[in-house]
1. Go through B:Pro201, B:Pro234, B:Pro184 for me and flag whichever is in contact with a strand residue (DSSP E or B) (Cβ under 7 Å, 6 or more places away or on another chain), open to solvent by 10 Å² or more (accessible area, probe 1.4 Å) and closer than 19 Å to B:Gly94 by Cβ.
2. Quick one: B:Asp8 ticks every box in (1) touching a residue at least 60 places away in the same chain (Cβ under 8 Å); (2) acidic (Asp, Glu); (3) buried (at least 18 other Cβ atoms within 10 Å of the Cβ) except a single one, so which number is it?
3. Within the stretch B:391-398, is there a residue that is touching a strand residue (DSSP E or B) at 6+ places or on another chain (Cβ under 9 Å), within 14 Å of chain A (Cβ to nearest Cβ) and either assigned to a helix (DSSP H, G or I) or among the acidic types (Asp, Glu) (or both)?
4. Name every residue in the stretch B:248-260 that is of a type in the set (A, V, I, L, M) and either modelled with pLDDT of 95 or more or open to solvent by less than 10 Å² (accessible area, probe 1.4 Å) (or both), in order of residue number.
5. Are any of the residues in the stretch B:161-169 touching a Ser or Thr at 6+ places or on another chain (Cβ under 6 Å) and open to solvent by less than 10 Å² (accessible area, probe 1.4 Å)?
6. Output yes when any residue across the stretch B:77-91 is in contact (Cβ under 8 Å) with a residue 40 or more places away in the chain, more than 14 Å from every other protein chain (Cβ to nearest Cβ), within 30 Å of B:Ile62 (Cα to Cα) and of a type in the set (A, V, I, L, M, F, W, C), and no when none is.
7. If you take the residues in the stretch A:65-98 that are surrounded by 14 or more Cβ atoms within 10 Å (Cβ to Cβ) and among the acidic types (Asp, Glu), which one is farthest from B:Ala366 (Cα to Cα)?
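The values are calculated or read from the model by the stated rules, or taken from the named source; none is laboratory data. Note that this is a predicted model, so its numbers are computed, not measured. Cβ sites come from the backbone with ideal geometry, for glycine too, and all protein chains shown count toward neighbours. Accessible surface is based on the protein model in full, side chains and every heavy atom, while ligands, DNA and RNA are left aside. Shrake-Rupley method; radii C 1.70, N 1.55, O 1.52, S 1.80 Å.
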Amino acid sequence: MPDLIVIDRDGNETTVPSPSDRTVMEVIRDAGFDDMLALCGGCCSCATCHVFVDPAQADLLPAISADETDLLDTSNHRTEYSRLSCQIQLTESLSGLRVTLAPDD
Amino acid sequence: MQALEERDYFTDYEILKDPYAFFEAVRSHGPVYQPPGRDYLIVTGFAETLEVLKNSADFSAIIGVQGASAPLPFEPSGSDISEQVEAHRDRILGGDLLVNYDDDLHTKTRALLNRLFTPSRLKANERFIDEYSDEIARQMIARGGCELMRDVATPFVTLVIADLLGVPADDRQHFMNVIDAAPPPGSLNTEENDFRGENHPLTVMGGFFARYILERRANPREDILNEFAHSTYPDGSVPELEELVKMAAFLFGAGQDTSAKLLGNSIRYITDQPGLQDQLRADPSLIPQLLEEVLRLEGSTKQTARLARRDTRIGDRAVPAGTKILVALSAANRDGERWEEPNAFALNRPKIKEHLAFGRGKHVCAGAPLARVEVRIILEKFLAYTSNIDLDEAKHGPRGNRDLNYDPSFIVRGLTELHVKFTPAEGVDLSQASSQAETAQ
């Protein structure tokens, strides 16, 4: 079971064990983090599951798609470590991934 | 006389006309209320609705299709009825559909769907939507008026989803006829709520979709159904044919009805809100805002349902396992705790996209991006080619006292008919209608 480390908007850090084959968004949502709206449910159609990944781990992630980058551009808080968490599959090899929930847009 | 909140939401034709008044009467007792004589709770509060929709550990979606009033096929017992729910899943209406799934089965099945309506896919389909809506708008405006639901909304949304999925042209009319002949989803006539009949749209379309998927598994093509036919679960395993068939048929049926109703409800606001249509013509970039506000005030889905499968709480109210819950999305969207002047129409409300018309959480509507695109585009056309759109007073009465009929459904908020009159805009040549709709056939 891969672990996901989530830092919420208040700076609190929580380690969430997850079943395999979930997206990071699903793990965060199902763990009950109210800060994450995830309005579209994972269709890569909004930017409300925006997270910042730990800079040290950014290279481990799959490449960003054109759709994802367009959506991230709609956020006022985009940085080079921005990702939509619905587009990251939390595989065993990503266990220990640290993500910070982006501020509300 | 029986108090409004004590009447039966699931069968009452007066509530059908104005469900909002019913839910306000319920809300006067608090955001979570059990009307006398009913064996379910009604949740009308925005915060409480969110709480239920997001707490999928304690609340099962198993009764989403049959609704909160239909009896369970078992007697709930104990503080955790999860096993009982699973043991009876096949005896509950829609228990084998994604919309009613829970837990891992839901998450992995939903993952198949999440890849279908991405922005780039919709963009690729936008040309078809644009051409077809252009054609249909010009035709109807040249005619001076139409019955919007039959002449525009239903064929439009059906052809859009058919084109997007790759349903062959010859089968599209057949699908429309089958859907048209069937009772609405969530019929007020309880006996009609059976999916097993051989003429039910899901059964008929299921047969077609099985063939499409098998054909594509044998001979790949370039369309969404092809991608669907070759899709895998997140763990790499291959879905059963039946799972894909059920989902494709449901998608077609669900996408059809609710999007068509959204167009009807939008046109009604456009015609009845003083000054609104001119404002939208002057600045068409406001149309997405209009759609969100119509979704909030009069979204196509009035309610859904959940079953508490463990002893839990909603707000400070204890809710025992086995409690059925009517989740009144349309009431949450008019909760004064969340929305200023909740019953008033207003463009540019802050955080309007957080309305609950599409639900929230793991079951949130997967077709929302498609609905937003297609209804926006056709509204742009109707507004651009007219100087005025009005309802036909001979059919619906004057503004302020309209006579409108709604499909007899406890789920869908949708006009049965909407007779509309158009005044063409000056200088627009409506004869330019091209032959693109024929290509679309």
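1. Details: B:Pro201 fails: in contact with a strand residue (DSSP E or B) (Cβ under 7 Å, 6 or more places away or on another chain); B:Pro234 fails: closer than 19 Å to B:Gly94 by Cβ.
Being in contact with a strand residue (DSSP E or B) (Cβ under 7 Å, 6 or more places away or on another chain), open to solvent by 10 Å² or more (accessible area, probe 1.4 Å) and closer than 19 Å to B:Gly94 by Cβ holds for just one of B:Pro201, B:Pro234, B:Pro184, which is B:Pro184.
2. The single condition B:Asp8 does not satisfy is (3).
3. no
4. B:Ala248, B:Ala249, B:Ala260
5. No, that holds for no residue.
6. From the stretch B:77-91, those in contact (Cβ under 8 Å) with a residue 40 or more places away in the chain are B:77-82, B:85; that's our starting set.
Right, trim to more than 14 Å from every other protein chain (Cβ to nearest Cβ) and you get B:77-82, B:85.
Now restrict to residues that are within 30 Å of B:Ile62 (Cα to Cα): B:77-82, B:85.
Imposing the further condition that a residue be of a type in the set (A, V, I, L, M, F, W, C) reduces the set to B:81, B:85.
Checked the stretch B:77-91: at least one residue is in contact (Cβ under 8 Å) with a residue 40 or more places away in the chain, more than 14 Å from every other protein chain (Cβ to nearest Cβ), within 30 Å of B:Ile62 (Cα to Cα) and of a type in the set (A, V, I, L, M, F, W, C).
7. That would be A:Asp70.
Residue by residue, here is whether (1) within 20 Å of B:Gln66 (Cα to Cα); (2) not acidic (Asp, Glu) holds:
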| position | (1), (2) |
| --- | --- |
| B:Val152 | no, yes |
| B:Pro155 | no, yes |
| B:Val167 | no, yes |
| B:Gln173 | no, yes |
| B:Met176 | no, yes |
| B:Leu188 | yes, yes |
| B:Glu192 | yes, no |
| B:Phe195 | yes, yes |
| B:Asn199 | yes, yes |
